[in-house]
1. List the residues of the stretch 184-209 whose backbone N lies under 13 Å from a point placed 7 Å from the Cα of residue 155 along the Cα-to-Cβ direction.
2. So if each residue of separation counts as 0.36 nm, and I subtract the Cα-Cα distance between residue 141 and residue 31, what length gain in nm does that give?
3. How much accessible area does residue 88 have with a 1.4 Å probe, in Å² rounded to the nearest 10?
4. Would you list the membrane-span-like helices of the chain, meaning whole DSSP H runs whose alpha-carbon atoms span at least 20 Å along their axis and whose mean Kyte-Doolittle value is at least -1.0?
5. Roughly to the nearest percent, how much of the accessible area of the chain is carbon and sulfur, given a 1.4 Å probe?
6. Report the gain in length on full extension from residue 148 to residue 200: 0.36 nm times residue separation, minus Cα-Cα distance, nm rounded to one decimal.
7. Per residue Cα convex hull volume for the stretch 64-151, in cubic angstrom?
8. Just need the Rg to Rh number for the stretch 1-70, please, alpha carbons only, Kirkwood Rh.
Amino acid sequence: MVVKVYGPIQAACPQRVLACLFEFGVDFELIAVDLDSNERKQPDFLQKQPFGQVPVIEDGEFRLFESRAIIRYYATKYGDKNQNLYGTTLEEKALVDQWLEVEAHHFNDMVYTIVLQKLVIPKMGGKTDFDLVHNCEKKLEQVFDIYEQRLSKNNYLAGDWFTLADLSHLPGIRYLMNECELGHLVRDRKEVNLWWDDISNRPAWKKVMQLFNGQG
């Protein structure tokens with residue numbers, strides 16, 4: 001059965017889910033949602049996602065939203081295909097969850113604010129709050145310094161193999177490296193840079209980027 005994924009390929013959270021689906025070889029249909037026209041706030045979509053956010057997945061009769069909940073769901077459902085992505089022991093899973101929480105609250109919150117200020121607000125005719133952007137950059141520097149220390153001892157955030165914790169960073173770092181023009185936050189840190197080069201070259205992420213670039 002083909003999984004339905006509602007959301008635009010340009011958005012970070014749908015990209016997170018698609019990367020996970022590609023990792024497990026799950027067939028899916030991507031159903032575009034036009035954010036510019038506020039399609040996500042229309043009654044039909046709000047029946048699927050009451051908060052009007054993307055993505056939403058429909059897996060048969062089962063519906064789920066929130067991208068990190070979705071990737072945990074598929075990592076559990078298809079764990080026999082790749083046990084490393086979410087770990088096999090209670091302790092391994094706890095470490096993956098720990099770094100997923102770090103990504104969601106310490107990393108992604110800063111990236112989201114920068115993207116909003118530098119890309120979204122100007123597109124809507126507003127003015128960028130550069131003081132806020134600078135503050136977020138400084139906080140991200142601290143986050144990446146912690147990552148640098150962690151990655152000097154482990155190949156990946158949750159241990160010595162690639163997990164959901166690493167996967168979840170892919171969309172946000174892609175924004176930093178490209179549209180936000182903040183690639184130095186990654187490139188200036190040896191271990192973080194090596195980690196990024198590693199995870200961004202995974203076949204699953206390359207497939208997401210092919211869809212993003214209209215080549216899929």
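The values are calculated or read from the model by the stated rules, or taken from the named source; none is laboratory data. The structure displayed is predicted, hence computed values, not measured ones. Note: ideal-geometry Cβ built from the backbone for every residue, glycine included; neighbour counts use all protein chains shown. Just so you know, the surface numbers come from the protein's heavy atoms only, side chains and all, with ligands and any DNA or RNA stripped out. Shrake-Rupley method; radii C 1.70, N 1.55, O 1.52, S 1.80 Å.
1. The answer is 195, 198-199.
2. 36.0 nm
3. Roughly 80 Å² of residue 88 is accessible to a 1.4 Å probe.
4. 130-151
5. 49 percent
6. 17.0 nm
7. 113 Å³
8. 0.94
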